[in-house]
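Working notes, beginning with the structure itself.
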Amino acid sequence: MNLSFEFWISSVLAVIPILLGIGKWIWRKFYAVKNRALSIEYIDGKQYLHKKKEKIELKVIYNSSLTCDSLVTLRVAINNCGKEDISGTSLIDPIKITFSDKYEILDVSRVDEYNKIKPSIIFTPSSISLRWALLKHENKFEIDIIAKSTSDDHDLSVDLYNSLSCDINIDGIDEIQYEKQHTIKDKEQLRSKRKIRSLAIYSFV
């Protein structure tokens, strides 16, 4: 059976993304994992906005006393994604997390007790300092962050997360990995790019 040139082109174009995905997974699973590594993972986020229209006004009040233009809640996880456990003695200094200066941190708390990890949290309006007793390989703990802002953007929780930066001084670790989240605008641009790419491949084939 003779197969046409168009068949082979379409077959190759279909197989390439699959092979790339398999190769990427193998690299991450077996070769890209460091002995000591930390990551910050986005778990959940919400925002509450002050709204006023004609005779109706919706206010945002924190802790029954503080009125805010915008209130953001963000839940993140500190994950030991390396091959080794990380003890508290490895933390030469606490991990310091800061955000964009358009946010003011109101509260930071642990989601659970985490008796074995024993995370310690100290925060100011502009930063969060973290320590722990022992964070085992593939273990993590989650924290809730509450911040206020004067912005009325509808992607505040994602923007708060994307604006974070970390200052660390840990034996064997020089950075904390984290993947930025897509805003609504980013998702629309990605959809447009996918449509253009699909049309280009279809036209070529």
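The values are calculated or read from the model by the stated rules, or taken from the named source; none is laboratory data. This structure is a prediction, so every number in the text was calculated from the model and none was measured. Glycine also receives a Cβ, built like all others from the backbone with ideal geometry; neighbour counts cover every protein chain displayed. We work out accessible area using only protein heavy atoms, side chains counted, and drop any ligands, DNA or RNA first. Shrake-Rupley method; radii C 1.70, N 1.55, O 1.52, S 1.80 Å.
For ASP93, neighbours were defined as the other residues whose beta-carbon sits under 15 Å from its Cβ, and their charges (Lys and Arg +1, Asp and Glu -1) total -2. For a paramagnetic label modelled on ARG131 (point 7 Å from Cα along Cα→Cβ), amide N atoms under 13 Å away belong, within the range 79-105, to 88-96. Heavy-atom accessible area, probed at 1.4 angstrom with all protein chains present, ranks GLU142, GLU84 as GLU84, GLU142, highest first.
Grab the other residues whose beta carbon is less than 13 angstrom from that of LYS140, score K and R as +1, D and E as -1, and report the net. After counting each charged neighbour, the total is -1. Taking the 1.4 Å solvent-accessible surface of the range 47-118 as the whole, the part contributed by carbon and sulfur is 45%.
At a probe radius of 1.4 angstrom, the accessible area of the range 37-161 per residue rounds to 55 square angstrom.
Going down the table (LYS51/LYS102; LYS34/LYS140; LYS55/LYS102), which pairs top 21 Å between alpha carbons? Where the Cα-Cα span goes over 21 Å, the pairs concerned are LYS55/LYS102.
Its Cα gyration tensor gives the range 39-186 an equivalent ellipsoid. The semi-axes, each the square root of 5 times an eigenvalue, are 32, 16, 13 Å from largest down. Net length available on complete extension from ASP171 to SER39 is 46.0 nm, with 0.36 nm assigned per residue and the Cα-Cα distance removed. Accessible surface of ILE16, taken over heavy atoms with a 1.4 Å probe and every protein chain present, rounds to 80 Å². For the pair ILE22 and ASP107, label points projected 7 Å from Cα toward Cβ lie 5.1 nm apart.
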